[in-house]
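Worksheet: one structure, shown below.
The values are calculated or read from the model by the stated rules, or taken from the named source; none is laboratory data. Given the structure is predicted, the values throughout are model-derived calculations rather than measurements. Backbone-built Cβ (ideal geometry, glycine too); neighbour counts: all protein chains shown. These accessible areas exclude ligands, DNA and RNA; they are computed on the full protein's heavy atoms, side chains included. Shrake-Rupley method; radii C 1.70, N 1.55, O 1.52, S 1.80 Å.
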Amino acid sequence: MQKTLTGWHVFGIFAGCFGVIITVNLTLAYQALNTFPGLVTKNSYIASQSFDADRISQDGLGWDVATDITNGTLTLAIKDATGLAVQPTVIKATLGRATHVADDMTPDFIWNGTALIADAPVQAGYWTLWLELEAKDGTPFRRRIPLTVKGT
């Protein structure tokens, strides 16, 4: 006994396929909105008004920033234009993933004489260190530093 393909069967297949597509799109949209870490700045126009002046003052410090995460220790070494180690005041620091905030942590930096170090028990992968520092003369210094942690 052979069954024939009727209009209702075609409609069912059509509706089922579009139902799967719509369900997947809604699921992905929901996940994208719920894992978005948020805005970097509330008003990019206002932030842009002082961007060039801030950049010039930061570049004027002549700092060379080197970061590394090895064996669960985050090292932030800053040297001035003469090669001497700099100990800035840490205003704010966040170590986290660029795509979500679930793994974000605030490193508790300690000066070891040549660099700032902090415990950073992170997994392998791509991380970002957002820094807000202040020089001895009061100049603010902001950086976003991408880091790659190798697996063991």
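The table below gives the values:
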read-out: Cut-off under 5 Å, modelled amide H: who pairs with residue 104 long-range; value: 97
read-out: Within segment 4-152: Cβ-based charge dipole about Cα centre, in debye rounded to nearest 20 (Lys, Arg +1; Asp, Glu -1); value: 360
read-out: Radius 15 Å from Cβ of residue 138, net charge of other residues (Lys, Arg +1; Asp, Glu -1); value: -2
read-out: Neighbourhood charge, 12 Å Cβ-Cβ cut-off, centred on residue 62 and excluding it, Lys, Arg +1 and Asp, Glu -1; value: -2
read-out: Partners for residue 79 among lysines (Cα-Cα distance below 16 Å; same-chain residues under 8 apart left out); value: 136
read-out: Whole-Hz couplings from phi, Karplus 6.51/-1.76/1.60, listed for segment 63-71; x for Gly and Pro; value: 7, 10, 9, 10, 10, 7, 10, 9, 6
read-out: The chain: C-alpha gyration tensor shape, a/c 1.5 cut-off, then a/b vs b/c; value: prolate
read-out: Whole-percent carbon and sulfur share, accessible surface of segment 42-150, 1.4 Å; value: 52
read-out: Residues of the chain: accessible area per residue with a 1.4 Å probe, Å²; value: 73
read-out: Phi-based couplings in Hz for segment 114-119 (Karplus 6.51, -1.76, 1.60; Gly and Pro marked x); value: 10, 7, 8, 10, 8, 5
